[in-house]
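The values are calculated or read from the model by the stated rules, or taken from the named source; none is laboratory data. As the structure is a prediction and not an experimental result, all values here were calculated from the model. Don't worry about glycine lacking a Cβ; one is built from the backbone with ideal geometry, like all the others, and counts go over all protein chains shown. Quick note on the areas: whole protein, heavy atoms, side chains included, nothing else; ligands and nucleic acids left out. Shrake-Rupley method; radii C 1.70, N 1.55, O 1.52, S 1.80 Å.
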Amino acid sequence: MRIDIVTIFPEFFSVLDVSLLGRARTDGLLDVHVHDLRSWTTDRHRTVDDTPYGGGAGMVMKPEPWAQALESILRPDGSSTLVVPTPAGTPFKQSLARSLAVEPHLVFACGRYEGIDARVFEWAASRCSVVELSLGDYVLNGGEVAAMAVIEAVGRLVPGVVGNPESLVEESHEDGLLEYPSYTKPASWRDIDVPEVLLSGHHGRVAAWRHEQQVERTRRVRPDLLPDA
Ligand code: ADE
């Protein structure tokens, strides 16, 4: 999978060299390129923002540097997906991570300030798919941290990135429920014992207990997930 990231803070993405994603890059499973939006500006001050029409606080990112950037990055055959992190986007869920993981080319547009001039997305819609997504109901300073979270969630679903694909199956959100609690040795630690059933070696009872735990935890912490689970 190829991933391009456009940002005015390329240094945010140094974490892409670490851990599983770092190895996926050196193994050639993820081909990630980070671009500085300012390299597509033409004025002496490398300006990327301006005041909003209609007034109000803050600045808006100018459309032309974005169009120049996207014209040079989007594939001409329309196969690219433009991902725009914004608190006004659709909620980012595991199901969306799964559908992005099968795309050949993701382009992340990281906005700052009050966002990017809305005409950029109208213009881009005839050249690629556009997905505006939100990490949650809170406001970050820009799209960079959200893009990084999406890249990690999507990247680990690309075949080969996670060594043991079985570990992707029994995770929170994969079957619509939260994950069951996990334990390792020792069986008794500071007077707290691992649940007896996990020591029984009885696969059917272990599976039933884990499912019960998933349902109980989901009911307690995220009852909104139950109808779809
Ligand atoms: N940019 C700023 N806040 C955001 C959020 N909650 N999700 C995605 N992108 C954002």
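With every protein chain left in place, what is the accessible area of Ser182 in Å² (1.4 Å probe, nearest 10)?
It works out to around 90 Å².
Nearest-5 percent of antiparallel DSSP beta bridges in the chain?
15
Looking at the chain, I'd like the Rg to Rh ratio, where Rg is from alpha-carbon atoms and Rh is Kirkwood's inverse mean 1/r.
Result: Rg/Rh = 1.07.
In deg cm²/dmol, rounded to 500, what helix-only [θ] at 222 nm does the chain give when every DSSP H run of at least 4 residues adds -39500 (n - 2.57) and the total is split over its residues?
About -8000 deg cm²/dmol.
Radius of gyration and Dmax for the range 1-69's Cα atoms, expressed in Å?
Rg then Dmax for the range 1-69, in Å: 15.7, 49.
Just to make sure I understand: if all protein chains stay in place, what is the order of Trp209, Trp66, Trp123 by accessible area at 1.4 Å, largest first?
Descending accessible area places them as Trp123, Trp209, Trp66.
Leaving out ligands and nucleic acids, and using a 1.4 Å probe, what accessible area per residue does the range 159-211 come to in Å²?
I get 74 Å² per residue for the range 159-211.
Would you mind listing how long the range 69-173 runs along its three principal axes, going by Cα atoms, in whole Å with the largest first?
Principal-axis extents of the Cα atoms in the range 69-173, largest first: 43, 35, 17 Å.
From the phi angles alone, apply the Karplus equation (6.51, -1.76, 1.60; θ = phi - 60°) to the range 175-188 and give each ³J(HN,Hα) in whole Hz, x where the residue is Gly or Pro.
Listing the rounded values in order: 10, x, 10, 6, 6, 6, x, 10, 9, 9, 5, x, 5, 10 Hz.
Can you list the residues of the range 150-180 with backbone N under 16 Å from a point 7 Å past the Cα of Val102, pointing along Cα to Cβ?
Answer for the range 150-180: 154-155, 157-160.
Taking θ = phi - 60°, what integer Hz values does the Karplus form 6.51 cos²θ - 1.76 cosθ + 1.60 yield along the range 210-216, in sequence order, with x for Gly and Pro?
Residue by residue, the range 210-216 yields 4, 5, 4, 4, 4, 5, 5 Hz.
Counting Lys and Arg as +1 and Asp and Glu as -1, what is the net charge of the other residues whose Cβ lies under 12 Å from the Cβ of His173?
-3
Quick query: amide H of Ser134 versus all other amide H atoms, modeled in the peptide plane; which residues come in under 5 Å with a sequence gap of 5 or more or a different chain?
Excluding prolines and chain starts, which carry no amide H, the hits are Thr86, Gly89, Thr90, Phe92.
Carbon-plus-sulfur fraction of the accessible area of the range 53-164, 1.4 Å probe, in percent?
Exposed carbon and sulfur together represent 53 percent of the surface.
What distance in nm separates the two pseudo spin-label positions at Arg38 and Ser182, each 7 Å out from Cα along the beta-carbon direction?
4.2
At 0.36 nm per residue, minus the direct Cα-Cα distance, what do Arg220 and Ser126 gain on full extension? Give it in nm, one decimal, please.
29.4 nm
How do Asp50, Asp117 stack up against each other in accessible area, from largest to smallest, with a 1.4 angstrom probe?
Asp50, Asp117
With a bin width of 5 angstrom, please list the P(r) values of the range 107-229 as percents of all Cα-Cα pairs, from the 0 bin to the one holding the largest distance.
2, 8, 12, 13, 15, 14, 12, 9, 6, 4, 3, 2, 0
P(r) for the range 1-117, please, calculated from all Cα pair distances in 5 Å bins and given in %.
Final binned percentages: 2, 10, 18, 21, 21, 15, 8, 4, 1, 0.
Once you have the Cα-Cα distance between Val145 and Arg2, take 0.36 nm times their residue separation minus that, and quote the gain in nm to one decimal.
49.6 nm
Quick one: order Lys93, Lys62, Lys185 from most to least accessible surface, probe 1.4 Å.
Sorted descending by solvent-accessible area, the residues read Lys185, Lys93, Lys62.
In whole Hz, what ³J(HN,Hα) sequence does the range 164-169 give by Karplus (6.51, -1.76, 1.60; θ = phi - 60°), x for Gly and Pro?
Result, ordered by residue: 9, x, 4, 5, 7, 6 Hz.
Roughly speaking, what is the centre-to-centre gap between the range 64-108 and the range 169-224 when only Cα atoms are used, to the nearest Å?
The two parts, judged by their Cα centres, are 36 Å apart.
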